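Novice: Submitted below is the structure of interest, expressed as structure tokens.
The values are calculated or read from the model by the stated rules, or taken from the named source; none is laboratory data. None of the values given here were measured: they were computed from a predicted structure. Cβ atoms come from the backbone with ideal geometry, glycine included; neighbour counts cover every protein chain shown. For the accessible areas, the whole protein counts, side chains as well, though only heavy atoms, and no ligand, DNA or RNA atoms are used. Shrake-Rupley method; radii C 1.70, N 1.55, O 1.52, S 1.80 Å.
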Amino acid sequence: MEKSTVGCQANRWTDITGTLNPVPGPGDPINVTGVDDTWTAIRVRATSGAGAVGPITVTGSRTSGAALEVLLLASGIDCLPISPDESISNPAATSWSGLTFGSGSESVRDSVRLTAAISGDLTGSVDCGTVYRLQVGGAIKAPVTAASPNDPSTNAAIAVISAGALQNNGSDTHGAIAAGAGNIGFVQVGQVGAAGDLEGPVHAPQGRIASVSVIGDVLIADPIGIRARNGIDSIDAGSVISAIVANNGATTLGPALKHLHCSELLGDVEADYIAPCDGCDVTENAITITGPWSGSLTVRGDVLAHIHQQGSQSGTVSIDVLGSIAATVRTESKIEVLHVDGAFADLNDIGSITLQCLNGEGIGAVYVGGNFGRPDVPMLLSADFVGRAEFGGHFSGRIRATSGGPCAVSELSVGGDITLDDHQTWSGVRRLDCGGIFYPGGYSLHLADSPPDLLMRVGSFLETGANEDQVRISPSGLQGQVILNAAGTYPPPEGWYGQFALSGSSSYLHRLSPSRDQPDEAPYYQRRSSDFGGGAIGTVPFALHLEDCDPPLTAPLYDEQNPGADRTFLTSAFGQRPYGSGECPQVPTGGSYPLDSVLLRFYGPIRAESTTTPVHVYLDDGAGQPNTAFDFAAEGLVEAAILPPQAGDYSRLLRIRGVTTQGLSQGVYHVMPRTDEGARLLCDGLLSPNVAIPVLAFDYVFQLEVDCNHNGVNDLDDIAADWTLDIWPDNDFIDCCEPCDPDYNQDGNVDQGDVDYIINIVSGGENPTGAPGDFNHDGNADQDDIAALINTVGGGGCP
């Protein structure tokens, strides 16, 4: 062992081996005491470099800021290599048991700059100020820690460490590398032809890591395997089964993770930025994985260089970016969630960037707070399946399946405009929301195999494109709803320029467009929704679909030759009274009739603004106008109910029916929407559910005819067939339905005179008023009728 007081210069060394007590032999402990400011270098080596160096303990105190060189260098090497990258050909020993400092000797420790080369293993911990070069031919099996800030000559607390491996020493201690207050320059593990694994952590909690190169695998059990507060320039390895953190709690965004290349990544990665490496072209990959990838990638800033994983269909990843992505993300692992707070677009004019998931399971969810692509530089989202895709800004580009077939998209939500740059087919779409203009741009979108509850909402309008067939929907796909002006702009924009086509297997079944004639002229086409499988396309505010009502408003009010095709109902069926449920005995047994109601269908879904009935129901005043003095709906005689949806979450069906025959008189009725705020009939299914847009004004007219005895026949027809049904009084109303008239003598009073009058009738006397003897309607004129009238006169009510 030697020391120098004039620096590490040839022939200026003093051998102090003999002064040590005891004198160390190969592998024995080495205790160096009395180190002060006069010491400038310590050199330790085994005889001919073929023996072991034991644990070194240094004790002393220093006030000088000058470096104390500690050298484990073979004979003939007096000073530091010119560069820490320069390999040392002659090791100082076969193995080394480490470097520590005595109690109170921190000032000495912090001044030490270590340069060491051994051919075997490092089995004990090394604790020093900085590391110029640590070259270990075998494995590092204990922690290596640099406690001081960066060495000005290398800009790193640890400049270079080269080892065959970092591994366990046979107990609970692993090899580890840590720069407590500075940077780590270059860590090389393994050699070409002699792969070694990195099994211990590499940490720069206050600095950055320039490079970690492992010719082998990274298998770190530590919760955070490789971490640096101020970024990681480069990691090259085989399999990486470890967490990587390129920002370890810095309050401001720091340097990036610039290069991560491995054959497998099974661990979480965190970084401030993903950026191109120094001197690299922006088109180069920052992260390249040639095999499986599972874990999460969290980026607090932007992704500015490509992420590329290929070669394996296994694995599941989640990506969370608080900034923007301006590069391609390509993976063969399933993407569980891709969350980007900013934009996903070509912000740096790379020319073409994409989001590609080559795994058949596709992407569970995509959330992009800003734009996806730019109108001048559209993008490709490629995946066989997308569970939900949500873009806060505009969408410019295309969605395609990587397998070549249609992309299965469950839900797509775009806050701004949708601009397509190619013909596309999406299958299984349940929700498609466009907050702005839907602009196919001369291309067509085919929604294939969509479920019955399809809901497509376009916030503004469908723009004109060169291709007339802009949106094609399979026959089974329009059981749901398409809404234009779904943002609820009022007055609405001119909103339907393109064409919706309902397509069959090889031809078009129907096309709806403003340029076509009825029944296919948009927006108020006359074709019924049954032609589309039950669905509809509507613009906000929704109008009443005249042809789609049941019965249609275009049907005749009354058709004697075809009564089932008109808008006339019997009070019994409309009032929901079962057959024969009246008081009259003239109803034959065994009959029946269906109950009736009016079904009003709109071009889009509706909702009531409150629990108040949202429509008025008035009788006609005889001049074709509603008599607003009495509202049958407000009085509870007519019910207006929005029916539960047949499919999906919304309904466009309003049912009108009576709740009693009492009070429902014969005549023409008007159904009109209320206009008083708080009780209106509103458009439903809008992109902003709190926007209150009333439906367009309408006036649906129907007619009721009286069937007081509930036999399914108009009372006038009953009387025409049997005149005896209307005897007392003779007023074209079936007697048994009328309230009884106990004033038999028609003197204006109900008293004993009326009892005497019915006794005379029952006894066969004259009957000048024509009153019926059968007062109780049992079919006979007898003593029971006298008793019934006596009861009524006495205040007992009608029989």
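Novice: So what's the convex hull volume per residue for the Cα atoms of the stretch 71-198, in Å³?
Specialist: Hull volume normalised by residue count: 107 Å³.
Novice: Under a point-charge model restricted to the Cβ atoms of Lys and Arg (+1) and Asp and Glu (-1), what is the dipole moment magnitude of the stretch 226-302 relative to its Cα centre, in debye to the nearest 20?
Specialist: So the magnitude is around 260 debye.
Novice: Once amide H atoms are built 1.01 Å from N in the peptide plane, which residues 5 or more positions from Ser444, or in another chain, come under 5 Å H to H?
Specialist: His423, Gln424
Novice: Something else: Give me the percent of accessible area attributable to carbon and sulfur for the chain, probe 1.4 angstrom.
Specialist: Accessible surface attributable to carbon and sulfur in the chain totals 48 percent.
Novice: HN-Hα J couplings of the stretch 440-448 from phi, Karplus 6.51/-1.76/1.60, θ = phi - 60°, integer Hz, Gly and Pro as x?
Specialist: Taking θ as phi minus 60°, the curve returns x, x, x, 10, 10, 10, 10, 8, 9 Hz for the stretch 440-448.
Novice: What is the diffusion coefficient of the stretch 640-790 in µm²/s, taking the Kirkwood radius over Cα pairs and the Stokes-Einstein relation at 25 °C with a viscosity of 0.890 mPa s?
Specialist: 122 µm²/s
Novice: State the Cα centre-to-centre distance between the stretch 379-395 and the stretch 701-775 in whole Å.
Specialist: The two parts, judged by their Cα centres, are 75 Å apart.
Novice: With a 1.4 Å probe and every protein chain left in place, tell me how much accessible area Ile30 has, in Å² to the nearest 10.
Specialist: Approximately 10 Å² of Ile30 is accessible to the 1.4 Å probe.
Novice: So what are the radius of gyration and Dmax for the Cα set of the stretch 315-469, in Å?
Specialist: 14.3, 43
Novice: Per Stokes-Einstein, at 37 °C and 0.692 mPa s, what whole-number D in µm² s⁻¹ belongs to the stretch 1-45, with the Kirkwood radius over Cα pairs as the hydrodynamic radius?
Specialist: 295 µm²/s
Novice: Still on this model: Can you tell me which lysines have their Cα less than 20 Å from the Cα of Lys258? Leave out same-chain residues fewer than eight positions away.
Specialist: none
Novice: Give me the Kirkwood hydrodynamic radius of the stretch 742-799, using the inverse of the mean 1/r over all pairs of distinct Cα atoms, in Å to one decimal.
Specialist: About 11.1 Å, per the Kirkwood formula over Cα pairs.
Novice: Same structure again: Report His510's accessible area, 1.4 Å probe, all protein chains in place, as a number in Å² to the nearest 10.
Specialist: Roughly 40 Å² of His510 is accessible to a 1.4 Å probe.
Novice: Please express the Cα-Cα pair-distance distribution P(r) of the stretch 152-221 as a list of whole percents, one per 10 Å bin, running from 0 to the bin with the greatest distance.
Specialist: All Cα pairs considered, the percentages come to 22, 49, 26, 3.
Novice: Provide, for q = 0.30 Å⁻¹, the log10 of I(q)/I(0) from a solvent-free Debye sum over equal Cα point scatterers in the stretch 552-592.
Specialist: Relative scattering, expressed as log10 I(q)/I(0), comes to -0.99.
Novice: Between the stretch 548-617 and the stretch 94-116, how many Å separate their Cα centres?
Specialist: 98 Å
Novice: Could you give the accessible area per residue of the stretch 596-737, probe 1.4 Å, as a whole number in Å²?
Specialist: Spelled out: the 1.4 Å probe surface of the stretch 596-737, per residue, equals 44 Å².
Novice: Next question. I'd like the GluC sites (Glu not before Pro) in the stretch 608-686 restricted to DSSP loop residues with at most 13 other Cβ atoms within 10 Å, sorted by number.
Specialist: Passing both the DSSP loop test and the Cβ count: Glu635, Glu677.
Novice: If you don't mind, another one. For the stretch 245-351, with equal point scatterers placed on the C-alpha atoms only and solvent neglected, what are the log10 I(q)/I(0) values from the Debye formula at q = 0.17 1/Å, to two decimals?
Specialist: Here the Debye-derived log intensity ratios amount to -0.73.
Novice: Suppose we keep just the alpha-carbon trace of the stretch 555-647; what are its Rg and Dmax in angstrom?
Specialist: When restricted to the Cα atoms of the stretch 555-647, Rg and Dmax are 16.3, 47 Å.
Novice: Placing one identical point scatterer on every Cα of the stretch 634-719 and ignoring solvent, what is log10 I(q)/I(0) from the Debye formula at q = 0.19 Å⁻¹?
Specialist: Here the Debye-derived log intensity ratios amount to -1.00.
Novice: If you average 1/r across every pair of different Cα atoms in the chain and take the reciprocal, what Kirkwood value do you get, in Å?
Specialist: Hydrodynamic radius (Kirkwood, Cα only) of the chain equals 34.3 Å.
Novice: How long are the semi-axes of the equivalent ellipsoid of the stretch 386-427, defined as square roots of 5 times the Cα gyration tensor eigenvalues? Whole Å, largest first.
Specialist: 18, 13, 7
Novice: Right, another one. Charges at C-beta only: +1 for Lys and Arg, -1 for Asp and Glu. How large is the resulting dipole of the chain about its Cα centre, in Debye rounded to 20? Before the final figure, lay out the partial values.
Specialist: Values: 37 positive and 96 negative charges, 1439 e Å.
Roughly 6920 debye for the chain.
Novice: Can I ask one more? If eta is 1.567 mPa s and T is 4 °C, what Stokes-Einstein diffusion coefficient results for the stretch 703-749, Kirkwood Rh from Cα pairs, in µm²/s?
Specialist: Stokes-Einstein gives a translational diffusion coefficient of 111 µm²/s.
Novice: Of Ile307, Ile319, Pro292, which is farthest on the positive side of the dipole of the stretch 260-324, counting Cα position, with +1 on Lys and Arg Cβ, -1 on Asp and Glu Cβ, and the Cα centre as origin?
Specialist: Most positive-ward Cα: Pro292.
Novice: In whole Å, what three semi-axes, largest first, describe the equivalent ellipsoid of the stretch 352-408 built from its Cα gyration tensor (square root of 5 times each eigenvalue)? Write out the running numbers ahead of the final one.
Specialist: Values: eigenvalues 71, 34, 13 Å².
For the stretch 352-408, the semi-axes come out at 19, 13, 8 Å.
Novice: Just want the answer: with Cβ charges of +1 for Lys and Arg and -1 for Asp and Glu, which residue in Ala275, Ser396, Gly773 is farthest toward the dipole's positive end in the chain?
Specialist: Of the listed residues, the answer is Ala275.
Novice: What is the mean projected area of the alpha carbon convex hull for the stretch 484-593, to one decimal in square nanometres?
Specialist: Numbers: hull surface 47.4 nm².
Averaged projected area of the stretch 484-593's Cα convex hull equals 11.9 nm².
Novice: I need the peptides 348-361, 751-764 ranked by packing, meaning the mean over residues of other C-beta atoms within 10 angstrom, with the highest value on top. Intermediate values should be presented prior to the final figure.
Specialist: On the way: 348-361: 18.0, 751-764: 16.1.
Ranked from most to least packed, the peptides come out as 348-361, 751-764.
Novice: Here is a further query. Divide, for the stretch 129-282, the radius of gyration over alpha carbons by 2.2 N^0.38 Å, where N is the residue count.
Specialist: Ratio of Cα Rg to 2.2 N^0.38 Å: 0.95.
Novice: Taking every DSSP beta bridge with both residues inside the chain, roughly what % is antiparallel (nearest 5)? Each step should come with its number before you reach the end.
Specialist: On the way: 39 of 206 bridges.
The answer is about 20 percent antiparallel.
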